[in-house]
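Beneath this line is the structure, given in structure tokens, with notes to follow.
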Amino acid sequence: MEWADSIGVDIIHSSLGYSEFDSLEGDYTYADMDGKTTIITLAAELAASRGIFITNSAGNQGAKDWRYITAPCDGKNVLCVGAVDSFEMIADFSSRGPSSDGRIKPDVVAMGRRATIPNEFGTMVTSNGTSLSGPLIAGMVACLKQAHPSKTNEQLFKAILMGSDRYETPDNDYGYGIPDVLKIDSILNTWPGVGVEPVSRIATKIYPNPAHNVLKVSCEPGSAYRIVSATGVEIEVGNLLNWINFIDLSELASQYYFIEVVSSSVVERFKFLKD
């Protein structure tokens, strides 16, 4: 971590977790998972204080005697990642919270049961573990940091929790749930960055044009839209809930159409071709 800090790394993900040791010397107890005791948690918190975003796999102790998360996932500024399956159900092996001082852990969850990965021979296989869900979240963090370079790590951490599907009802199995990266992006777009004024209104864009089966609309969340034919016949109406929205065109004939986007009493009209 010292070396990573020295070369300006922005994000560190680790799949390591420390609790009981093979030598039976220096074992930690659950009481040590308080965010301020173990050596690795202190190191992770120090790295976070220096501007590195820390993500860490929760561990695979959920069905074992230990059961709980391991250090450094107990860190207050460490985004702890548990594992779910493709049905969004918690994996039995995913380590549970809370931290020993009662904070919600893990923070979020991602796909970690029967995940498809390449093995050492390059063959695609399935495997299990929070070592698979953790890097997914670290990759999401990288995308969000690139999209929002003026936002602080504290803002990013909070937005990830707010943009997860159990934010209103977190628990110590799923944490705040599965993050929705588009929702998180939308939240961050409404917050001012460091030395940056709040975003007043995003410019509406449609793409690609011509479009095949999907038209993407970038606009203010909560905007309304209406698609009409070239002769003025109304085809479809609806709401655009995100900063980036996907409209299904697969049922439309190949011809020109107009889309009207209404946001904050402003009506914008675009012509597009369905190919």
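The values are calculated or read from the model by the stated rules, or taken from the named source; none is laboratory data. Just so it is clear, the model here is predicted, and its values are computed rather than measured. Cβ: placed from backbone, ideal geometry, glycine included. Neighbour counts: every protein chain shown.
For this structure, a couple of remarks:
- Scope the range 203-256; condition closer than 30 Å to Thr190 by Cβ and of a type in the set (Gly, Ala, Ser); matching residues: Ala203, Ala211, Ser218, Gly222, Ser223, Ala224, Gly238
This table checks each residue for (1) modelled with pLDDT under 95; (2) of a type in the set (Gly, Ala, Ser); (3) within 14 Å of Leu79 (Cα to Cα).
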site	(1), (2), (3)
His13	no, no, yes
Tyr18	yes, no, no
Ser23	yes, yes, no
Tyr28	yes, no, no
Asp34	no, no, no
Ile39	yes, no, no
Glu45	no, no, yes
Arg50	yes, no, no
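- Some residue of the range 66-81 being outside any loop (DSSP other than H, G, I, E, B) and in contact (Cβ under 8 Å) with a residue 60 or more places away in the chain: yes
- No other residue among Glu251, Glu236 is without any contact (Cβ under 8 Å) to a residue 12 or more places away in the chain, surrounded by fewer than 17 Cβ atoms within 10 Å (Cβ to Cβ) and part of a strand (DSSP E or B) apart from Glu236.
Here's the yes/no breakdown for (1) under 31 Å from the mean Cα position of the chain (by Cα); (2) within 30 Å of Met89 (Cβ to Cβ); (3) not assigned by TED's automatic domain parsing to the domain that holds Met162:
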residue: Leu182; (1), (2), (3): yes, yes, no
residue: His212; (1), (2), (3): yes, no, yes
residue: Leu215; (1), (2), (3): yes, no, yes
residue: Gly232; (1), (2), (3): no, no, yes
residue: Gly238; (1), (2), (3): yes, no, yes
residue: Trp243; (1), (2), (3): yes, yes, yes
residue: Phe246; (1), (2), (3): yes, yes, yes
residue: Leu252; (1), (2), (3): no, no, yes
residue: Phe258; (1), (2), (3): no, no, yes
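- For Ser223, the stated conditions do not hold, so it cannot be described as under 13 Å from the mean Cα position of the chain (by Cα) and either closer than 30 Å to Lys274 by Cβ or small (Gly, Ala, Ser) (or both).
- Which listed residue is modelled with pLDDT of 95 or more, in contact with a helix residue (DSSP H, G or I) (Cβ under 7 Å, 6 or more places away or on another chain), among the small types (Gly, Ala, Ser) and surrounded by fewer than 24 Cβ atoms within 10 Å (Cβ to Cβ), from Ser127, Ser100: Ser100
- Taking the numbered list (1) crowded, with 18+ Cβ neighbours inside 10 Å; (2) at pLDDT 95 or above; (3) not in a helix (DSSP H, G or I) in turn, Ala159 passes all entries but (3).
- Considering Glu2, Glu25, Glu20, Glu88, the condition of being closer than 27 Å to Thr126 by Cβ and either surrounded by fewer than 18 Cβ atoms within 10 Å (Cβ to Cβ) or without any contact (Cβ under 8 Å) to a residue 12 or more places away in the chain (or both) is satisfied by Glu88 alone.
- The range 211-233, residues that are among the charged types (D, E, K, R) and in contact (Cβ under 8 Å) with a residue 40 or more places away in the chain: Glu220
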